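What follows is one structure encoded as structure tokens, with my remarks underneath.
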């Protein structure tokens with residue numbers, strides 16, 4: 001009798017654990033649109049440190065989850081203002097010219113800077129698209145011009 005109970009428990013766990021893993025993965029992937037929407041809303045937060053961290057989290061979603069890419073592309077034109085500074089960080093690459101990356105360090109927009117590159121949610125989304133380095137035309141100070149020249153690469157007419 002005890003042997004039958006143990007066998008039943010083993011069969012149960014062998015069936016339950018893979019099913020739970022698949023269900024967890026499914027619901028985790030389904031939750032991406034909600035996470036992206038929440039991050040887009042939080043990126044407008046008046047506290048620069050909070051909004052900056054949200055920008056990094058959203059950037060991570062963009063680079064790691066395919067489901068997030070299409071959602072973020074829909075927000076390229078979002079005119080809502082942001083309250084944190086996105087700066088250019090030049091990082092050296094051996095044998096090539098230095099690459100410009102857009103980064104955020106949690107400083108407010110009014111922090112002394114040579115240039116404010118991103119003023120809206122849409123522009124901040126384009127900043128990490130720019131960091132992807134798959135565009136055809138460089139950014140020269142005008143995000144809308146950059147987007148018009150490169151949006152075809154991102155599947156937008």
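The values are calculated or read from the model by the stated rules, or taken from the named source; none is laboratory data. The structure displayed is predicted, hence computed values, not measured ones. As a convention, Cβ positions derive from the backbone with ideal geometry for all residues, glycine included, and neighbour counts pool all protein chains shown.
The helices (runs of 4 or more DSSP H) falling completely within region 49-157 that include 1 or more residues that are in contact (Cβ under 8 Å) with a residue 60 or more places away in the chain and farther than 27 Å from residue 25 by Cβ map to 121-130, 143-150. Of the residues 115, 30, 91, the single one that is exposed (fewer than 14 other Cβ atoms within 10 Å of the Cβ), closer than 19 Å to residue 143 by Cα and either modelled with pLDDT under 85 or touching a helix residue (DSSP H, G or I) at 6+ places or on another chain (Cβ under 6 Å) (or both) is 115.
What is the one condition in (1) over 24 Å from residue 71 (Cα atoms); (2) under 33 Å from the mean Cα position of the chain (by Cα); (3) not assigned by TED's automatic domain parsing to the domain that holds residue 72 that residue 47 does not satisfy? In the conditions (1) over 24 Å from residue 71 (Cα atoms); (2) under 33 Å from the mean Cα position of the chain (by Cα); (3) not assigned by TED's automatic domain parsing to the domain that holds residue 72, residue 47 misses (3) alone.
In this structure, does residue 82 turn out to be under 10 Å from residue 106 (Cα atoms) and either modelled with pLDDT under 90 or in contact with a helix residue (DSSP H, G or I) (Cβ under 8 Å, 6 or more places away or on another chain) (or both)? It would help to see each step written out before you state the result.
On the way: under 10 Å from residue 106 (Cα atoms): no; either modelled with pLDDT under 90 or in contact with a helix residue (DSSP H, G or I) (Cβ under 8 Å, 6 or more places away or on another chain) (or both): yes.
When the stated conditions are applied, residue 82 does not pass them.
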